[in-house]
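So the structure is just underneath, and the comments pick up after that.
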Amino acid sequence: MKTDNLKRCIVRAATECEECLRLADFAEREPSLSGGMADSLRKMAAYHSDNAFLWARRLHAVESHA
């Protein structure tokens, strides 16, 4: 059960990362969304990416001890 929860966390974090990157690309192309919004969204994407890797390392540790 624990591995299922970790896998869900990985998928959620990866999805959030991808969504932030798509929004950042949109913000770069949309002139009305200036003021660093794209940069902020890319930082959020990096945060979600880091979370996905963190959960993946935890999953690997759990599966290695199983």
Checklist entry - Taking into account only those residues within the stretch 25-66 that are surrounded by 12 or more Cβ atoms within 10 Å (Cβ to Cβ) and among the hydroxyl-bearing types (Ser, Thr, Tyr), which is nearest to Ala14 (Cα to Cα)? => result Ser49
Checklist entry - Are there any pairs with C-beta distances below 9 angstrom linking a residue in the stretch 5-31 that is without any contact (Cβ under 8 Å) to a residue 24 or more places away in the chain and on the phi < 0 side of the Ramachandran plot to a residue that is surrounded by 13 or more Cβ atoms within 10 Å (Cβ to Cβ) and of a type in the set (Ser, Thr, Tyr), with the two at least 6 apart or on different chains, and if so which? => result Ala24/Ser40; Ala27/Ser40
Next on the checklist: For the condition outside any helix (DSSP H, G or I) and of a type in the set (A, V, I, L, M), what is the one hit in Leu23, Leu33?
Outcome noted: Leu33
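Every number in this text was worked out from the coordinates using simple rules, so none of it is lab data. Worth saying up front: this structure is predicted, and the values here are computed from it rather than measured. Positions of Cβ are backbone-derived with ideal geometry, glycine not excepted, and every protein chain shown enters the neighbour counts.
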